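The values are calculated or read from the model by the stated rules, or taken from the named source; none is laboratory data. Just so it is clear, the model here is predicted, and its values are computed rather than measured. Reconstructed Cβ throughout: ideal geometry from the backbone, glycine too, with neighbour counts over all protein chains shown. We work out accessible area using only protein heavy atoms, side chains counted, and drop any ligands, DNA or RNA first. Shrake-Rupley method; radii C 1.70, N 1.55, O 1.52, S 1.80 Å.
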Amino acid sequence: MRTWLPRIVAAVALAAAAALTFAASWQRWSGACPRGAFDTDACLPLQSHEYDFQVPSDPWTPVGQAAQLYGGALLALAVAALLLPMVLARPRQGWWRVFAVLVAVVPAASLALLGAVTLRSGQTGHVVSAAGAGLAFLVWCLLWPACLTALAAAAPGSRPSRAVPVAVLVGLSTPIPALLVVGPLLSGYTSYDTAPWSDAAAAPLLLAAAVAVLFAVPAQSSRPWSYASSATPRESLEAGSSSG
């Protein structure tokens, strides 16, 4: 696989997640909560957590197509999660390689599960639960950002100056920092529950990550991984002599 293809696909997936996230937030806030009208009678009720569409939980009241759009955003983010370890670093042997595979597969599966649950909730109009969704949410919000940052900063073959910003932006786009810190800072408003437009805060972060991914080229050789490329020099010599 060419080195640019995973980067392009990951960047497109992140950009799609950004667009769908903003579209979902627009469904919730655009009519009742324009800037400067956050304390109005129309906007204040929408700030209740009952209208949160990010992996809905009871009690929940759907607003427009917000949950469907956000479910699509999570599915796009799952595609990006599967490719980001390949984009940020290409460790070819040892525990770093195993770690990179886990950092790709586990978050991608978690995001796919959460995306499917959110999408299905929006389609049915009520909360749809799934076994393991709580654990998947913790993987998304806590484990994935930490492990992706560690991979970007320390894995053999990574370029930390290019890879770490991607991991940091992705980490800031997860619900805990986005809803509690980044969103209220951008809106300049502190709510009794969910600040207006705070769920859209992930959109510019994901878009910035999409741009940063295009420059996050691992320092390692672009040759596809194989047993020979992961073998030690001695093993390679022995393999060459036996084949001769």
Checklist entry - Taking the stated definitions as given, is Val217 open to solvent by less than 60 Å² (accessible area, probe 1.4 Å), at pLDDT 95 or above and in contact with a helix residue (DSSP H, G or I) (Cβ under 8 Å, 6 or more places away or on another chain)? => result no
Item to check | Failed condition for Cys141, given (1) surrounded by fewer than 19 Cβ atoms within 10 Å (Cβ to Cβ); (2) in contact (Cβ under 8 Å) with a residue 40 or more places away in the chain; (3) in a helix (DSSP H, G or I); (4) not charged (D, E, K, R) | outcome: (2)
Checklist outcome for this item: Counting only residues that are touching a helix residue (DSSP H, G or I) at 6+ places or on another chain (Cβ under 6 Å) and open to solvent by less than 20 Å² (accessible area, probe 1.4 Å), the stretch 1-32 contains a total of 11
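Within 30 Å of Asp41 (Cβ to Cβ) and in contact with a helix residue (DSSP H, G or I) (Cβ under 9 Å, 6 or more places away or on another chain) - does that describe any residue in the stretch 126-147? It would help to see each step written out before you state the result.
Taking the stretch 126-147 first, the residues within 30 Å of Asp41 (Cβ to Cβ) are 126-127.
With the extra rule that they be in contact with a helix residue (DSSP H, G or I) (Cβ under 9 Å, 6 or more places away or on another chain), the set shrinks to 127.
The answer is yes; a qualifying residue exists.
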Checklist entry - Scanning the stretch 183-203 for residues that are assigned to a helix (DSSP H, G or I) and over 13 Å from Ala24 (Cα atoms), which turns out most open to solvent (accessible area, probe 1.4 Å)? => result Leu185
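Conditions tested, residue by residue: (1) at pLDDT 95 or above; (2) closer than 19 Å to Leu207 by Cβ; (3) of a type in the set (Phe, Trp, Tyr); (4) part of a helix (DSSP H, G or I).
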| site | (1), (2), (3), (4) |
| --- | --- |
| Ala10 | yes, yes, no, yes |
| Ala18 | yes, yes, no, yes |
| Gly36 | no, no, no, no |
| Gln54 | no, yes, no, no |
| Leu69 | yes, yes, no, yes |
| Ala76 | yes, yes, no, yes |
| Ala81 | yes, yes, no, yes |
| Trp95 | no, no, yes, yes |
| Leu113 | yes, no, no, yes |
Checklist entry - Could you list, in sequence order, the residues of the stretch 105-124 that are touching a Leu at 6+ places or on another chain (Cβ under 7 Å) and buried (at least 20 other Cβ atoms within 10 Å of the Cβ)? => result Ala108, Leu111, Leu114, Gly115, Thr118
Item to check | Selection count where residues are within 16 Å of Arg159 (Cα to Cα) and surrounded by 22 or more Cβ atoms within 10 Å (Cβ to Cβ), scope the stretch 86-104 | outcome: 6
Checklist entry - Of all residues in the stretch 39-85, how many are touching a Gly at 6+ places or on another chain (Cβ under 7 Å) and either open to solvent by 60 Å² or more (accessible area, probe 1.4 Å) or over 30 Å from Cys147 (Cβ atoms) (or both)? => result 3
Checklist entry - Of the residues that make up the stretch 125-134, is at least one among the hydroxyl-bearing types (Ser, Thr, Tyr), more than 20 Å from Gly64 (Cβ to Cβ) and either open to solvent by less than 30 Å² (accessible area, probe 1.4 Å) or touching a residue at least 60 places away in the same chain (Cβ under 8 Å) (or both)? => result no
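Okay, residues lined up against (1) within 28 Å of Gly132 (Cα to Cα); (2) without any contact (Cβ under 8 Å) to a residue 40 or more places away in the chain; (3) more than 14 Å from the chain's Cα centre (by Cα):
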| residue | (1), (2), (3) |
| --- | --- |
| Trp4 | no, yes, yes |
| Leu20 | yes, no, no |
| Cys33 | no, no, yes |
| Phe53 | yes, no, yes |
| Ser57 | yes, no, yes |
| Pro62 | yes, no, yes |
| Gln65 | yes, no, yes |
| Gly72 | yes, no, no |
Item to check | Qualifying position, being open to solvent by 40 Å² or more (accessible area, probe 1.4 Å), within 16 Å of the chain's Cα centre (by Cα) and within 24 Å of Leu88 (Cα to Cα), among Thr174, Thr149 | outcome: Thr149
